[in-house]
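The values are calculated or read from the model by the stated rules, or taken from the named source; none is laboratory data. Computed from a predicted structure; not experimentally measured. Glycine also receives a Cβ, built like all others from the backbone with ideal geometry; neighbour counts cover every protein chain displayed.
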Amino acid sequence: MPSPGRGEGSTLTRKLFQSGGPLNFEDLGDDQFRASITLPRDEDGRLGRECPDEACSPGTFKVRPGTGITGGQTVAYCPYCRHEEAPEGFATKEQRRYAEELVMREAHRGVDGMIRDALDPDVFGRKKLGGGLISMEISLKSAPLPHVRPPAEEEVRRDVVCPSCGLDHTVFGLATWCPDCGLDIFLTHVAAELAVVRSMAGDIERRREALGRRVAARDLENCLEDAVSIFEAAMKALARRHLAAIGLAPEDIEGGVKRLGNTFQNIARTIEALRDHLGLTAATGVPWEELSASFEKRHPITHNLGVVDRKYLERTQASDREGREVGISPAEVNMTLDRVLVAVSAVHAGLFPHGGAVRGG
Ligand SMILES: [Zn+2]
Ligand SMILES: [Zn+2]
């Protein structure tokens, strides 16, 4: 037997992870370690979050750490489905991958260190073992550390501050629940979306001066289009939530919303659908007629490049003369945006009278 090398037995004197280091490892004993990983934030200092419920869509959102409930938070909520979980349960897949890769990188470093300690190579990374019958030379070269990719997240987003707890957060599409306090802040999201269109409408004069009348007119038409789209999206979200609240299965909810088709692009059909499918008589105090008049202007705009056709005149008995462009002013767009919020608020209050009430279960 060749005499044992000096390095024998030293394998166990070094642990896989050294305490401290870039991940601030804590040795909990029994080969258990705790790593502290600082997750990268976006350029606005927001942290990506993801609903653990795979069926939740879109499921991803962001929060600005330090706003909302700070300290001692034990439960957080998904803004889309109100799934409840400890705050750390909302780590995104990208963040988990990033954390795993960082730990693997340290493990890689740790294993490398263990082998080096065990073999005790010379400064050139070589080690002579034995000296009698068997002699071997091991050359040890460290592989480059694996590259760690930072998490990537999409950039289509809406930033809102919860009016109740002050959490500054970001969602993709319409959302209902505040991730920190769990209250229903649906109307805050709708108002924020309408505010985007309002700022576009507020820029019309500048656009007219810079780019001409036709561009400014198209801008206004697009603003009206957007007002209708926001109304439709908000009503669909409320319908979906109502169908869930009365206990329909997910596939029946989607089927029900699908059958409504483009109902909510038309005010008369909206009022019918509210009554027939959602059991809600059209709320009083909502300027349905004015909304309807503005919504009707979409048709000549979308299908006829903004020129009034006979069908539009018959349907609306509008004073616009046939062949002339449908008049929309920035004031009318702003009024329509206000009316959309009044209508959505009334339907929201009608369907969910307790506002922030927690969904059953
Ligand atoms: Zn969710
Ligand atoms: Zn809140």
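Taken over segment 29-49, the criterion of being modelled with pLDDT of 80 or more and in contact with a helix residue (DSSP H, G or I) (Cβ under 6 Å, 6 or more places away or on another chain) is satisfied by Leu39, Arg49.
Residue count for segment 248-268 satisfying the condition of being more than 20 Å from Asp226 (Cβ to Cβ) and in a helix (DSSP H, G or I): 11.
Mind checking whether some residue in segment 219-232 is among the β-branched types (Val, Ile, Thr) and over 26 Å from Arg157 (Cα atoms)? The answer is no; no qualifying residue exists. Here Thr302, Thr336, Thr281 are screened, and the one residue that is in a helix (DSSP H, G or I) and at pLDDT below 85 is Thr302.
Just to verify a result, which residue in segment 66-96, among those that are surrounded by 14 or more Cβ atoms within 10 Å (Cβ to Cβ) and farther than 29 Å from Leu238 by Cα, is farthest from ligand 2 (Cβ to nearest atom)? This residue is Glu94.
With respect to being more than 30 Å from Ala233 (Cβ to Cβ) and either touching a residue at least 40 places away in the same chain (Cβ under 8 Å) or not assigned by TED's automatic domain parsing to the domain that holds Val190 (or both), Ala118 fits the description. Taking segment 216-231 as the range and being within 10 Å of Ile204 (Cβ to Cβ) and in contact (Cβ under 8 Å) with a residue 40 or more places away in the chain as the test, the residues that pass are Ala217, Leu220, Cys223.
Identify, please: which residue in segment 165-191 is among the polar types (S, T, N, Q) and away from ligand 1 (no atom under 13 Å from the Cβ) and is, among those, farthest from His242 (Cα to Cα)? It comes out as Thr170.
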